[in-house]
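S.K.: First the structure, then my questions, so here it is.
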Amino acid sequence: MTELLQNLINGLAIGSVYAIFALGYTLVFSILGIINFAHGAVFTLGAYFTYTLVVGQFENNGLIKGINLFPAGSPFHGSAWAFAAAALIGAVLSGLVAVVIERLAFRPMRARGADPLLALVSSLGVALVIVNLIQILVGAESYSFPTDIYGDLKPALIFSLGGKLIVVRTVQVIIFAVSMVLLLILGYVIGRTRIGKALRAVAENPGTASLLGISVTRFIIITFFLSGFLGGLAGTLVSTAFSVAGPYFGVAYGLKGLAVIVLGGLGSIPGAVVGGLVIGLAEAFVPAEYSAYKDAVAFALLFVILLIRPQGLLGRVQIQKV
Amino acid sequence: MTGPDLFKGHVLSKGHAAPSVPMSAGQQVLQASGLTRRFGGLIAVNNVSFEVRRGEIFGLIGPNGAGKTTLFNLMTGLTPPSSGTLTFGGQDITGFAPHRVAGLGIGRTFQNIRLFKVLSALENVKIAQHARTHAGLTQGLTGRDRAEERLVDERAWALLDLVGLAGRAGEEAGNFSYGDQRRLEIARALATQPQVLLLDEPAAGMNTSEKGELTSFIRRVRGEYDLTVMVIEHHVPLVMNLCDRVAVLNFGELIAVGDPASVQKDPKVIEAYLGG
Amino acid sequence: MRTLTAILALGLASVSLAEKVTTPLPIGIAVAQTSNTALLGQEQVIGARFAEKYINARGGVNGTPIRLVFQDTGGDEAGAINAFQNLITKDKVVGIVGPTLSQQAFSADPIADRAKVPVLGPSNTAKGIPQIGPFIARVSAPVSVVAPNAVRTALRLDPKIKKVAVLYAQNDAFSTSETGTFQQTAKDQGLNVLTVQKFLTTDSDFTTQVTAVLNADVDLVIVSGLANDGGNLVKQLRQLGYKGSIIGGNGMNTSNMFPVCQQFCDGIIIAQAYSPAQPSANNQLFVKEYSAQYKKAPPQFAAQAFTAVQVYVDALKVIDRKKKLAEWELADLRVELNTQILAGKYNTPLGVISFDKDGEVQQKDFYVAQIKMKDAKTGTFVFLK
Amino acid sequence: MDFLQTYGFLIVTMLQQGLLGLSLYFPLMAGQLSLASPGFYALGGYIAAIMLTAPQFAGWRDALGSWIFPVTWLFSALASAVLGVIVGVPALRLRGIYLALATIAFVQILQVLSLNLSITGGAVGLFAIPQAFGFVDRWQYIWIFLPTVIVVLLFAHRLQGSRVGRAFRAIREDELAADAMGIPPTRYKVLAFVIGAVLAGVVGAMSAPFLNTWNARQGTFDASIAFLAYTLIGGSRSMWGPLLGGALLASLPELLRSLADWRLVINGLVLVVASLYLPQGIVGALGRLRRKAPPQRPVTPSTPALGDTP
């Protein structure tokens, strides 16, 4: 029983990060029908941006040092607000990078009406460039955020239940809360606002949308910005919980994110959330002695769900007109 | 007028041609009973029963959305029926996969033309001979398919001749005009060596003189190849001119079957077409 | 079949033209400068570069300077083979230091062995590396001899230790073989291994493993992992309230771990093949100059790369005294160099080392250190006698 | 000679990667985007590595001598075919990107398995693999890989002109229409998938001695994407495309070797630029320069002209 509860907590925390990360993937897919492999690299970038702004110190192996926005002695130094500001700026910068990626690596392809699969290769190229640039600029080391990043909060809440310990890490709570708030905001934006309705119209049918006077290009840019923002923020959240684990940090998330969006249904926004939580929970419930197989869980689930329900948990069936 | 030696007496025909069901003129070839298809809450085809007799040209008409194409899809296995049965020459073929249906001898064209667009006209017609040939991977790799390949090639050219496209055999099918694509699609359907040919709006997009040519063309192939033809068509004069019998579908239900003249006078048909 | 085989194998029989040795003396460094293995590789690059400067400033090989030729192996097997072949035929090096990973060594070392080019593995610790061939040796001691010291030291520091949890990165070749040694040592010492947990070097969330450790209520945790995952694991263990002792494997013997586990690194007992505290004059000079340049004590990977270069230079000095290096044919020199490497004794930053007939390093001193953190950023490995 | 010593491995690697590109091409002939090749490549390599190193097979090795190598290829081919059918039959019901993702999942699952099993040597993998036919230098493996490339190209060429090849093309262009024209899609999709699987498996078996070692890093997601890049950048509509793409992209990091740290950055840029400006792939772009000869009508006087009515 306690184990169940513990697994539930762990699964929800990691699952909520998978969810906001995967949302970025799925937004782009829903609009353009392409999978942007550079999303994992943007995730990594987000973490590095925030770290650079907050801590501003890298070791010797790279070419640049960081910029500390809140150096010691400045008013916000070491406060949770400084961190929140840095995380936000980091996410915005990630969003801008995503927009640049769209401009350079996707738009020329779209103009030509090329095979959407080529976008896979193109975005892989972008990921390769980003990851290796990070390595050249700041080196391959890992970094952790300072432990006081969330102010005076205790690192964890530990209580005993029926003789067994239950551990709730503060970062887990923060990650979960931030993710949920973000999802609610996003849900509102997409479900209720004009921008959201337009986005859905573009996703539904780019042709009709442009007839309705919606500038498709503008919405693609907005979509990429949102996608990069979410990816970058997910990177920051994960790295505060664990560490900024080197330039290749995002690759594993990129791959798992893929499993998440297919599980939930490609292009489905609630699907990304459900998929993220399902995979997070499934991994948490892998018994410790089989933890070696944990990474196979997401993919086994993916394989099975594709065979039973190819459109994913919440995806819609595409009816082919004969 | 005898049909050229395209399907009969051919080396290829031995054992590979559609199993010939003993049928004499006027005997039923296809029989649908109670065919029904639902999509979600919508009933596209509702309890439709009819029969098609050997050698006739059987027209299927009805307003847009009446379920004509769905009925074709049910008959060729592209869509499995929700209920009802379909027999072909006495054999129950309900729920058969499309390639099995084609193999048994029901060929078809598509309302929205589904040629293999980037492949040449010649290749389109060669591909459709699949069920009538048998060379497997090993024969293909070892060159033991040469005799068969030559015949496939000859037959493909002959079919292109038949529809007047032999001069453009190497061109990509997608580059052809609308009318030529329709004709190529008929040639392709004929290449499957059908006993029954289903044509889904073969005259769509054609002008009056082309329509006239099409009518005589369909008649001619029917005679030459001993076919039974079923055709969906909107253009009423064409249907009346071409078909031996006509069935009318409205909102998924069969409202009339008979010779063109009597169907045209049927009050239910008039109501369906004029609205009410 | 046999004749066919002979013909195929002969092909263009290896008629290699006689070539003299070039100066400055080229020594090949084939380590991972790109890919996610670069975290280890870049330390090796620094260590080797430093050795080149250090040695040439002291007259190189009896007056002849050395020149290191770097070829990136990337993180994969094919990259390692390409790097080796470039070094052997294009760069005409006298010997090679590399590659970074044991898996790459299994792939690339046979190439050098067949070409009769000596190889010194700077960081390959898996079983079977020196046995690849007569030209393959390594300066990195296998895990089986390094790890047990740490357990013994931990027991000396806290004789009450009884219950142990073992954790290891199961996708890392080094960690999986190290954990076997740790578990065996723990049993030999009469300890009770209550739980064995696996993780991946790519993992970042260790809540599951940590909870299992806390529930087992152990007083010693032994972690075999690399800097990032190991550091993260320790951080999470401490954050979640684990109070007992922690032993870190050799993969965590790097100051790269400090930015990851920060103040929580404090107290980790680490088995070391290299310690900056090693008292030899040689090492102290190395540490002093290295720290002056890089503002931190040399990590093990850098020290081992340095050592490998030094071994080449020391062996070359001996050969040079017998017959001037410039007079050697390259192919002969490589063979002679290999013989000399295995014959010699070297006073390196790792202490005094020599090699057995297979090429396995015979290291006198192993070390156990405990990490002491001054603050969240800076810490030191404190040598435990 | 020095050239062969230095670049021999690279040249053979180019052929090897070209072959792996081709292993994606066969399913693509039938319109199936499968990224499962690295899984079969890994499987084939493991089978060869185990047969060549495990003590249980010592008797076989003694009895067979150099024949053991072709035997490993055969076993890898068989195992890949069987696994290909087991995976292919359910997975090939999926289309497009969904199939691609399912096959990626398959590769991932195999990789986790090979990391955890003892027979595959865990994370260290298998090593000290004997050299095929007593080869010493890497370039000598050209005697295995070059004939394989030629055989595979001949195979692909014959296949394309045959009834089976036509069926593949028909399914690629329009699965539904192909079905309605009498072609059973599932059977041919599985066939195309299995051909690709067998090729990848055999290349794996040949590569284990070539690389001297085999481990779980051989069949990864990265490899899936690399093979896809070979095919798309080389050109997916001609057998020359994946071969050329594999050879070029495999050699690119080596050609850029002098750039050291920057080489993967440039490599990435090349991928972006190539996919942007060569949408049909290199071979596709070249193909547009060349006009195809119109098909020749067979001269068979016995056939009566069909359109004529007497």
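S.K.: Could you list, in sequence order, all residues of the stretch B:81-95 that are open to solvent by 30 Å² or more (accessible area, probe 1.4 Å) and without any contact (Cβ under 8 Å) to a residue 40 or more places away in the chain?
M.R.: Passing the criteria: B:Asp92, B:Thr94, B:Gly95.
S.K.: Would you check which residues across the stretch D:1-24 are open to solvent by less than 40 Å² (accessible area, probe 1.4 Å), more than 7 Å from chain C (Cβ to nearest Cβ) and either within 15 Å of the chain's Cα centre (by Cα) or under 17 Å from D:Leu256 (Cβ atoms) (or both) and list them?
M.R.: Residues satisfying the conditions are D:Val12, D:Leu15, D:Gln16, D:Gln17, D:Gly18, D:Leu19, D:Leu20, D:Gly21, D:Leu22, D:Ser23, D:Leu24.
S.K.: Where in the stretch C:223-319 are the helices (runs of 4 or more DSSP H), entirely inside, with at least 1 residues that are over 25 Å from A:Asp148 (Cα atoms)? Working first, answer last.
M.R.: Working: elements: C:227-239, C:258-261, C:281-294.
Ranges flagged: C:281-294.
S.K.: Let me ask something else about it. Among the residues of the stretch A:299-314 satisfying the criterion of being open to solvent by less than 30 Å² (accessible area, probe 1.4 Å) and within 8 Å of chain D (Cβ to nearest Cβ), which is nearest to C:Thr208 (Cα to Cα)?
M.R.: So, considering only residues that are open to solvent by less than 30 Å² (accessible area, probe 1.4 Å) and within 8 Å of chain D (Cβ to nearest Cβ), the one nearest to C:Thr208 (Cα to Cα) is A:Phe299.
S.K.: Output the qualifying pairs, or none if there are none: Cβ atoms under 7 angstrom, residues six or more apart or on different chains, first residue in the stretch B:247-276 and on the phi < 0 side of the Ramachandran plot, second residue open to solvent by 20 Å² or more (accessible area, probe 1.4 Å) and of a type in the set (Asp, Glu).
M.R.: Close Cβ pairs (under 7 Å, with a partner that is open to solvent by 20 Å² or more (accessible area, probe 1.4 Å) and of a type in the set (Asp, Glu)) amount to B:Ala256/B:Asp266.
S.K.: Ok, one more. For the stretch C:276-317, which positions are free of Cβ contacts under 8 Å to residues at least 40 places away in the same chain and surrounded by fewer than 17 Cβ atoms within 10 Å (Cβ to Cβ)? Reasoning before the result, please.
M.R.: Step one: filter the stretch C:276-317 for residues free of Cβ contacts under 8 Å to residues at least 40 places away in the same chain, giving C:279, C:281, C:284-285, C:288, C:291-292, C:295, C:314-315.
Residues satisfying the conditions are C:Pro279, C:Ala281, C:Gln284, C:Leu285, C:Lys288, C:Ser291, C:Ala292, C:Lys295.
S.K.: Conditions: (1) within 23 Å of A:Lys256 (Cα to Cα); (2) part of a helix (DSSP H, G or I). D:Leu94 meets all but one. Number of the miss?
M.R.: (2)
S.K.: Report yes if some residue within the stretch B:109-117 is surrounded by fewer than 19 Cβ atoms within 10 Å (Cβ to Cβ), under 18 Å from the mean Cα position of the chain (by Cα) and touching a residue at least 24 places away in the same chain (Cβ under 8 Å); otherwise report no.
M.R.: Taking the stretch B:109-117 and keeping what is surrounded by fewer than 19 Cβ atoms within 10 Å (Cβ to Cβ), we get B:111-112, B:117.
So of that shortlist, the ones also under 18 Å from the mean Cα position of the chain (by Cα) come out as B:111-112.
Those left that are additionally touching a residue at least 24 places away in the same chain (Cβ under 8 Å): B:111.
Yes, some residue in the stretch B:109-117 is surrounded by fewer than 19 Cβ atoms within 10 Å (Cβ to Cβ), under 18 Å from the mean Cα position of the chain (by Cα) and touching a residue at least 24 places away in the same chain (Cβ under 8 Å).
S.K.: Filter the stretch C:21-73 for residues that are among the small types (Gly, Ala, Ser) and in a loop (DSSP other than H, G, I, E, B); which is farthest from the other protein chains (Cβ to nearest Cβ)?
M.R.: Start the filter on the stretch C:21-73 by keeping residues that are among the small types (Gly, Ala, Ser), which leaves C:28, C:30, C:32, C:35, C:38, C:41, C:47-48, C:51, C:57, C:59-60, C:63.
Now drop any that are not in a loop (DSSP other than H, G, I, E, B), which leaves C:30, C:32, C:35, C:59-60, C:63.
Details: C:Ala30: 12, C:Ala32: 9, C:Ser35: 8, C:Gly59: 28, C:Gly60: 24, C:Gly63: 29 Å.
The residue in question is C:Gly63.
S.K.: Scan the stretch C:173-188 and tell me whether some residue there is on the phi < 0 side of the Ramachandran plot, part of a strand (DSSP E or B) and at pLDDT 90 or above. Spell out the reasoning first.
M.R.: Initial filter on the stretch C:173-188 (on the phi < 0 side of the Ramachandran plot): C:173-188.
Narrowing further to those that are part of a strand (DSSP E or B): none.
Checked against the condition, which is being on the phi < 0 side of the Ramachandran plot, part of a strand (DSSP E or B) and at pLDDT 90 or above, the stretch C:173-188 yields no hits at all.
S.K.: Go through the residues of the stretch D:199-212 one by one and say whether even a single one is within 12 Å of chain C (Cβ to nearest Cβ), at positive phi and over 16 Å from the mean Cα position of the chain (by Cα). Talk me through it step by step, then tell me what you get.
M.R.: First, pick out the residues of the stretch D:199-212 that are within 12 Å of chain C (Cβ to nearest Cβ): D:207-212.
Checking which are at positive phi leaves us with D:212.
Keeping just the survivors that are over 16 Å from the mean Cα position of the chain (by Cα) gives D:212.
The answer is yes, given that some residue of the stretch D:199-212 is within 12 Å of chain C (Cβ to nearest Cβ), at positive phi and over 16 Å from the mean Cα position of the chain (by Cα).
S.K.: How many of the residues in the stretch A:283-293 are closer than 16 Å to A:Glu3 by Cβ, within 12 Å of chain D (Cβ to nearest Cβ) and touching a helix residue (DSSP H, G or I) at 6+ places or on another chain (Cβ under 8 Å)?
M.R.: Total meeting the criteria: 2.
S.K.: Moving on. From the set of residues in the stretch A:87-111 that are modelled with pLDDT of 90 or more and of a type in the set (D, E, K, R), which is nearest to A:Val121 (Cα to Cα)?
M.R.: Only one residue tops the list, namely A:Glu102.
S.K.: Turning to a different aspect of this structure: Name the residue that is nearest to the chain's Cα centre (by Cα), counting only residues in the stretch C:171-194 that are hydrophobic (A, V, I, L, M, F, W, C) and under 20 Å from D:Gln218 (Cβ atoms). If you could, list the steps in order and put the result at the bottom.
M.R.: Step one: of the stretch C:171-194, the residues hydrophobic (A, V, I, L, M, F, W, C) are C:173-174, C:182, C:186, C:191, C:193-194.
Checking which are under 20 Å from D:Gln218 (Cβ atoms) leaves us with C:173-174.
Working: C:Ala173: 13, C:Phe174: 10 Å.
Among residues in the stretch C:171-194 that are hydrophobic (A, V, I, L, M, F, W, C) and under 20 Å from D:Gln218 (Cβ atoms), the one nearest to the chain's Cα centre (by Cα) is C:Phe174.
S.K.: If you check C:Arg138 against the conditions, is it open to solvent by 20 Å² or more (accessible area, probe 1.4 Å) and under 28 Å from C:Leu87 (Cβ atoms)? Step through it out loud before you land on a result.
M.R.: Details: open to solvent by 20 Å² or more (accessible area, probe 1.4 Å): no; under 28 Å from C:Leu87 (Cβ atoms): yes.
The answer is no for C:Arg138.
S.K.: Condition first: of a type outside the set (Phe, Trp, Tyr) and open to solvent by 10 Å² or more (accessible area, probe 1.4 Å). Now tell me which residues in the stretch A:14-26 satisfy that. Reasoning before the result, please.
M.R.: Step one: list which residues in the stretch A:14-26 are of a type outside the set (Phe, Trp, Tyr), which gives A:14-17, A:19-20, A:22-24, A:26.
Within the stretch A:14-26, A:Ile14 is the sole residue that qualifies.
S.K.: Another one. Output the residue which, of all residues in the stretch A:195-252 that are open to solvent by less than 10 Å² (accessible area, probe 1.4 Å) and over 21 Å from the mean Cα position of the chain (by Cα), is modelled with the highest pLDDT.
M.R.: Here the residue is A:Val202.
S.K.: Would you confirm whether or not the stretch D:251-268 contains a residue that is open to solvent by less than 30 Å² (accessible area, probe 1.4 Å), on the phi > 0 side of the Ramachandran plot and either modelled with pLDDT of 85 or more or at the interface with another protein chain (Cβ under 7 Å from one of its Cβ atoms) (or both)?
M.R.: no
S.K.: Can you tell me which of C:Phe206, C:Phe258 is closer than 16 Å to C:Val166 by Cβ and either more than 9 Å from chain A (Cβ to nearest Cβ) or open to solvent by less than 20 Å² (accessible area, probe 1.4 Å) (or both)?
M.R.: Working: C:Phe258 fails: closer than 16 Å to C:Val166 by Cβ.
Going through C:Phe206, C:Phe258 in turn, just one is closer than 16 Å to C:Val166 by Cβ and either more than 9 Å from chain A (Cβ to nearest Cβ) or open to solvent by less than 20 Å² (accessible area, probe 1.4 Å) (or both): C:Phe206.
Each row is one residue, and each column tells you yes or no for (1) surrounded by fewer than 18 Cβ atoms within 10 Å (Cβ to Cβ); (2) at pLDDT below 80; (3) β-branched (Val, Ile, Thr); (4) farther than 30 Å from D:Arg263 by Cβ.
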{"residue": "A:Leu117", "(1), (2), (3), (4)": "no, yes, no, no"}
{"residue": "A:Ser122", "(1), (2), (3), (4)": "no, no, no, no"}
{"residue": "A:Lys164", "(1), (2), (3), (4)": "yes, yes, no, yes"}
{"residue": "A:Thr193", "(1), (2), (3), (4)": "yes, no, yes, yes"}
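S.K.: Out of (1) in contact with a Ser or Thr (Cβ under 7 Å, 6 or more places away or on another chain); (2) assigned to a loop (DSSP other than H, G, I, E, B), what's the single condition that is false for A:Glu141?
M.R.: Failing condition for A:Glu141: (1).
S.K.: Next question. Does at least one position in the stretch B:242-264 carry a residue that is open to solvent by less than 40 Å² (accessible area, probe 1.4 Å) and closer than 25 Å to B:Ala187 by Cβ?
M.R.: yes
S.K.: Of all residues in the stretch C:217-247, which are without any contact (Cβ under 8 Å) to a residue 40 or more places away in the chain and open to solvent by less than 10 Å² (accessible area, probe 1.4 Å)?
M.R.: Across the stretch C:217-247, the qualifying residues are C:Gly231, C:Asn232, C:Val234, C:Lys235, C:Gln236, C:Leu237, C:Leu240, C:Ile246.
S.K.: While we're here: Within the stretch C:265-296, track down each residue that is within 14 Å of chain A (Cβ to nearest Cβ) and closer than 22 Å to C:Ala147 by Cβ. Talk me through it step by step, then tell me what you get.
M.R.: Step one: of the stretch C:265-296, the residues within 14 Å of chain A (Cβ to nearest Cβ) are C:265-266, C:290-296.
Answer for the stretch C:265-296, where residues must be within 14 Å of chain A (Cβ to nearest Cβ) and closer than 22 Å to C:Ala147 by Cβ: C:Cys265, C:Asp266.
S.K.: Could you check, for the stretch A:275-282, whether at least one of its residues is within 24 Å of A:Arg107 (Cβ to Cβ), part of a helix (DSSP H, G or I), within 14 Å of chain C (Cβ to nearest Cβ) and not acidic (Asp, Glu)?
M.R.: First pass over the stretch A:275-282, keeping only residues within 24 Å of A:Arg107 (Cβ to Cβ): none.
No.
S.K.: Looking at the stretch D:172-193, can you tell me whether even one residue there is at the interface with another protein chain (Cβ under 7 Å from one of its Cβ atoms), basic (Lys, Arg) and either touching a helix residue (DSSP H, G or I) at 6+ places or on another chain (Cβ under 8 Å) or assigned to a helix (DSSP H, G or I) (or both)?
M.R.: Checked the stretch D:172-193: no residue is at the interface with another protein chain (Cβ under 7 Å from one of its Cβ atoms), basic (Lys, Arg) and either touching a helix residue (DSSP H, G or I) at 6+ places or on another chain (Cβ under 8 Å) or assigned to a helix (DSSP H, G or I) (or both).
S.K.: Could you please find all residues in the stretch B:140-156 being closer than 18 Å to D:Val151 by Cβ, part of a helix (DSSP H, G or I) and more than 7 Å from chain D (Cβ to nearest Cβ)?
M.R.: At the first step, the residues of the stretch B:140-156 found to be closer than 18 Å to D:Val151 by Cβ are B:140-143.
If we keep only those that are part of a helix (DSSP H, G or I) as well, we get B:140-142.
The one that is closer than 18 Å to D:Val151 by Cβ, part of a helix (DSSP H, G or I) and more than 7 Å from chain D (Cβ to nearest Cβ): B:Thr142.
S.K.: Considering only residues that are in a helix (DSSP H, G or I) and more than 14 Å from the chain's Cα centre (by Cα), which ones fall in the stretch D:147-164?
M.R.: Let us first name the residues in the stretch D:147-164 that are in a helix (DSSP H, G or I), namely D:147-161, D:163-164.
Listed by number, the residues that qualify are D:Pro147, D:Leu154, D:His157, D:Arg158, D:Leu159, D:Gln160, D:Gly161, D:Arg163, D:Val164.
The values are calculated or read from the model by the stated rules, or taken from the named source; none is laboratory data. The shown structure was predicted, so the numbers you read here are calculated from the model rather than taken from an experiment. Please note: Cβ atoms are built from the backbone with ideal geometry, for glycine as well, and neighbour counts cover all protein chains shown. Side chains included, ligands, DNA and RNA excluded: accessible areas come from the protein's heavy atoms. Shrake-Rupley method; radii C 1.70, N 1.55, O 1.52, S 1.80 Å.
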